[in-house]
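The values are calculated or read from the model by the stated rules, or taken from the named source; none is laboratory data. Computed from a predicted model, the values in this text were never measured in an experiment. Neighbour counts run over all protein chains shown; Cβ positions are idealised from the backbone, glycine included. The accessibility values were calculated without ligands, DNA or RNA, using every heavy atom of the protein model including side chains. Shrake-Rupley method; radii C 1.70, N 1.55, O 1.52, S 1.80 Å.
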Amino acid sequence: MTSPSLELAPASRAWRVLVVDDDDAVRAVLSDVLLEEGFEVVGRAIDGIEGVSLALSLSPDGVLLDVRMPRMGGIDAARAILSRLPNVRIVMLSAYDDASLKAEAREAGASAFIVKGCPLSELIDAVTDADGTCTAA
């Protein structure tokens with residue numbers, strides 16, 4: 001079985017993405033960038049608990065997850081989402097360029113780890129190929 005990618009599907013259906021971050025401004029910027037790039041933002045959540053619930057009800061193609069959030073962080077949310085929706089692509093976001101966080105994110109099933117503050121073009125590249133990392137300049 002091949003792993004899913006975030007390339008546009010045949011029939012030009014936009015990839016459906018859920019954005020999960022406890023910072024209102026970050027959620028708004030991420031959503032705007034994704035929309036401008038042709039993605040469909042199907043939902044926005046303020047923490048991992050809400051993110052898991054929305055992911056299970058909306059079945060997005062991909063989820064952008066902040067690592068550190070109140071109530072439930074992104075690592076635990078990724079595990080919970082992937083246990084029920086194993087083909088969802090998870091891209092983790094963090095303010096910290098920390099090797100142990102990156103390793104933990106990969107272990108949880110994340111396809112990419114992005115450090116907040118990287119150029120938005122690198123974020124889009126990571127979302128579309130979901131196979132890399134981005135470190136702040």
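Details
- Meets criteria (within 17 Å of D22 (Cα to Cα), among the basic types (K, R), open to solvent by 30 Å² or more (accessible area, probe 1.4 Å) and not in a loop (DSSP other than H, G, I, E, B)) for R44: yes
- Condition check for A80 on (1) crowded, with 16+ Cβ neighbours inside 10 Å; (2) modelled with pLDDT of 95 or more; (3) within 21 Å of A14 (Cβ to Cβ): one failure, at (3).
- Here the condition is being crowded, with 19+ Cβ neighbours inside 10 Å and of a type in the set (A, V, I, L, M); of A103, A110, it holds for A110 alone.
- Breaking point among (1) surrounded by fewer than 18 Cβ atoms within 10 Å (Cβ to Cβ); (2) modelled with pLDDT under 95, for L58: (2)
- Hits in region 84-113 - residues which are closer than 14 Å to L64 by Cβ and part of a helix (DSSP H, G or I): A105
- Single condition G51 does not satisfy, out of (1) open to solvent by less than 10 Å² (accessible area, probe 1.4 Å); (2) closer than 22 Å to D125 by Cβ; (3) assigned to a helix (DSSP H, G or I): (2)
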